[in-house]
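Input: a single structure, listed below in structure tokens.
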């Protein structure tokens, strides 16, 4: 019998599989998409997340981040990270690195969807596979979380995120958070000639309309687009529980507060480790 079946092959699911393999458990990941997958993401990994990647043996390259700076057009405030540095990294690069590490650890990848879940006293069956435990790492709008009745109603109106990359030289080694009356814009250097800009707001407008609310930032983004706009939301996700029998939720599937914290990837890695420690 498989020890850990993982539903979802994103960062949280792959980190879960690597943690399981490091603990001597057999892990299988079920994911319908081909790696690497690009999604709307701020692409800044906080220092705790960088340390977690190192502990997993995942080699990643990106732009070193020294801290966070907040700007509102008139004033600015910044704080350097106290414990190490963060990392600006394309989500596709991070995803590919986690995928390769999982494959190197002997994790089996199955292309498909989990679908119906059946549980007994000592096992759980999904996607035609039986395991001791099932970890749901199937994202912000987790179908497994919903099927298990673990969703709680969200608050309206919810916040949404949009992201685009620009081909230009980074002007800072901080994550910049630009504030306006309608939301925030997050600037993350992710390469020598690549900057990611994500906007978060409750207002349902297009990306360019949002960005126009930040004149100084709009002026700084001289380079051509390097990616299409991707979106996600509503971001706030509440859960009744993170456990249902032999199913555990990790990453965004386990609940999401707001991308304002910048801790999405770091929390995904942390919850993956916590789940496996409970099972090993």
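If the condition is being surrounded by fewer than 22 Cβ atoms within 10 Å (Cβ to Cβ) and in contact with a strand residue (DSSP E or B) (Cβ under 7 Å, 6 or more places away or on another chain), then segment 191-201 contributes 191, 201.
Yes/no matrix, rows are residues, columns are (1) more than 30 Å from residue 225 (Cα to Cα); (2) in the same structural domain as residue 223 (by TED's automatic domain parsing):
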position	(1), (2)
107	yes, no
115	yes, no
125	yes, no
130	yes, no
133	yes, no
138	no, no
148	yes, no
168	no, yes
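Residue check: is residue 56 touching a residue at least 12 places away in the same chain (Cβ under 8 Å) and under 16 Å from residue 192 (Cα atoms)? Considered against the rule, which asks whether it is touching a residue at least 12 places away in the same chain (Cβ under 8 Å) and under 16 Å from residue 192 (Cα atoms), residue 56 comes out as no.
Each residue in segment 97-116 was checked for being closer than 14 Å to residue 2 by Cβ, surrounded by 15 or more Cβ atoms within 10 Å (Cβ to Cβ) and in contact with a helix residue (DSSP H, G or I) (Cβ under 8 Å, 6 or more places away or on another chain), and 3 of them qualify. For segment 167-183, filtered to residues that are outside any loop (DSSP other than H, G, I, E, B) and in contact with a helix residue (DSSP H, G or I) (Cβ under 7 Å, 6 or more places away or on another chain), the residue that is farthest from residue 44 (Cα to Cα) is 183. Which one is surrounded by the fewest Cβ atoms within 10 Å (Cβ to Cβ) among residues in segment 25-51 that are more than 28 Å from residue 82 (Cβ to Cβ) and under 11 Å from the mean Cα position of the chain (by Cα)? So the residue we want is 38. Hey, residue 257 hits all of (1) within 15 Å of the chain's Cα centre (by Cα); (2) in contact (Cβ under 8 Å) with a residue 24 or more places away in the chain; (3) exposed (fewer than 14 other Cβ atoms within 10 Å of the Cβ) but one; which does it fall short on? Against the list (1) within 15 Å of the chain's Cα centre (by Cα); (2) in contact (Cβ under 8 Å) with a residue 24 or more places away in the chain; (3) exposed (fewer than 14 other Cβ atoms within 10 Å of the Cβ), residue 257 comes up short only on (2).
Of all the listed residues (22, 14), the sole one being buried (at least 24 other Cβ atoms within 10 Å of the Cβ) and under 29 Å from residue 115 (Cα atoms) is 14.
Considering only residues that are modelled with pLDDT of 95 or more, surrounded by fewer than 21 Cβ atoms within 10 Å (Cβ to Cβ) and touching a helix residue (DSSP H, G or I) at 6+ places or on another chain (Cβ under 9 Å), which ones fall in segment 117-142? Within segment 117-142, 117, 132 qualify.
Given the options 160, 186, name the one that is modelled with pLDDT under 95 and under 20 Å from the mean Cα position of the chain (by Cα).
Working: 186 fails: modelled with pLDDT under 95.
It is 160.
For residue 150, the test of being closer than 22 Å to residue 11 by Cα and either surrounded by 20 or more Cβ atoms within 10 Å (Cβ to Cβ) or in contact with a helix residue (DSSP H, G or I) (Cβ under 7 Å, 6 or more places away or on another chain) (or both) is passed. Confirm whether residue 240 is out of contact with any helix residue (DSSP H, G or I) (no Cβ under 8 Å at 6 or more places or on another chain) and either surrounded by fewer than 17 Cβ atoms within 10 Å (Cβ to Cβ) or closer than 30 Å to residue 130 by Cβ (or both). Against the criterion (out of contact with any helix residue (DSSP H, G or I) (no Cβ under 8 Å at 6 or more places or on another chain) and either surrounded by fewer than 17 Cβ atoms within 10 Å (Cβ to Cβ) or closer than 30 Å to residue 130 by Cβ (or both)), residue 240 qualifies.
The set of residues in segment 205-235 that are under 22 Å from the mean Cα position of the chain (by Cα) and not in a helix (DSSP H, G or I) comprises 226, 227, 228, 229, 230, 231, 232, 233, 234, 235. One residue is enough: does segment 83-94 have a residue meeting the conditions out of contact with any helix residue (DSSP H, G or I) (no Cβ under 8 Å at 6 or more places or on another chain) and exposed (fewer than 13 other Cβ atoms within 10 Å of the Cβ)? Among the residues of segment 83-94, not one is out of contact with any helix residue (DSSP H, G or I) (no Cβ under 8 Å at 6 or more places or on another chain) and exposed (fewer than 13 other Cβ atoms within 10 Å of the Cβ), which makes the answer no.
Of all residues in segment 211-234, those being touching a residue at least 12 places away in the same chain (Cβ under 8 Å) and either on the phi > 0 side of the Ramachandran plot or in contact with a helix residue (DSSP H, G or I) (Cβ under 6 Å, 6 or more places away or on another chain) (or both) number 3.
Of all the numbered requirements in (1) farther than 21 Å from residue 110 by Cα; (2) surrounded by 20 or more Cβ atoms within 10 Å (Cβ to Cβ); (3) modelled with pLDDT of 95 or more, residue 66 misses one, and that requirement is (2).
The values are calculated or read from the model by the stated rules, or taken from the named source; none is laboratory data. Worth saying up front: this structure is predicted, and the values here are computed from it rather than measured. Please note: Cβ atoms are built from the backbone with ideal geometry, for glycine as well, and neighbour counts cover all protein chains shown.
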